[in-house]
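Below is one structure, written out as structure tokens; the observations come after it.
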Amino acid sequence: MTMMIICTVWTACEKEDYEVVPPTFKGFSYSPTTVHPGDSVRFTACYADPGKNIYLTGHKGYTWKLTVDTLDAGGDPDKTGRWTKEFKPYCSIGDGEPSYKLQIPALTKPGSTARLDFTANYSNAADGKPGVSLPNITADGYYGKFSNSTINSILYSSASGWMTFRVD
């Protein structure tokens, strides 16, 4: 009987883990790594740690933004422009690493450098500790750079990163 009471008290006193931890990233991967105008390229923001007690409100929390230099419609190399497009795909925590397939515009100027920006905004499933900031260090074999993953308020956390790549 005494053992049963001790086990009941011990189980009742176990602490639940409601700590908010935003995801941390080790960099980007993309395929194919040799990119040509008109190619479809899969970009992935690769986790170092997927975090815990966070979710994406309304299944939209990731923003992918692609910027490339383009030729004008007639192919005149003296008339250049900059193409920028933002994508906010339907997504959910638990879908794995954030990944999105983007098409490089066919009029992209060969030899130019393109830029991919990634932003992740999370809602905290428990009260977060504002000001907590976790470093994101690019690991060997990955591309780009991430700013620190941060708990911005008791309700929200965020992370962002960017990378550049050549369009041949």
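Enumerate the whole-percent occupancy of each 10 Å bin, from 0 to the last occupied one, for all C-alpha pair distances of the chain.
10, 32, 26, 16, 9, 4, 2, 1, 0
Test of understanding: what is the full-extension gain from residue 103 to residue 132, defined as 0.36 nm times their sequence separation minus their Cα-Cα distance?
6.8 nm
Quick check for you: with a 1.4 Å probe and neighbouring chains kept, what is the accessible area per residue of the chain, in Å²?
Accessible area per residue, the chain: 58 Å².
How much solvent-accessible surface does residue 83 expose, in Å² to the nearest 10, with a 1.4 Å probe and all protein chains in place?
Approximately 80 Å² of residue 83 is accessible to the 1.4 Å probe.
Which percent of the accessible heavy-atom area of the chain goes to carbon and sulfur, probe 1.4 angstrom?
Within the chain, the accessible surface is 53 percent carbon and sulfur.
Working from Cα positions, state the angle (0 to 90°, nearest 10) between the long axis of helix 2-12 and the longest principal axis of the chain.
30 degrees
Need one value: the accessible area of residue 35 in square angstrom, 1.4 angstrom probe, rounded to the nearest 10.
Estimated to the nearest 10 Å², residue 35 gives 0 Å².
What's the magnitude of the charge dipole for the chain around its Cα centre, counting Lys and Arg as +1 and Asp and Glu as -1 at the beta-carbon? Answer in Debye, nearest 20.
Numbers: 16 positive and 17 negative charges, 58 e Å.
Using only the charged Cβ atoms, the result is roughly 280 debye.
The values are calculated or read from the model by the stated rules, or taken from the named source; none is laboratory data. In this text, all values refer to a predicted model and were calculated from it rather than measured experimentally. With ideal geometry, Cβ positions are generated from the backbone for all residues, glycine too; neighbour counts draw on all protein chains shown. Accessible surface areas use protein heavy atoms only, side chains included; no ligands, DNA or RNA. Shrake-Rupley method; radii C 1.70, N 1.55, O 1.52, S 1.80 Å.
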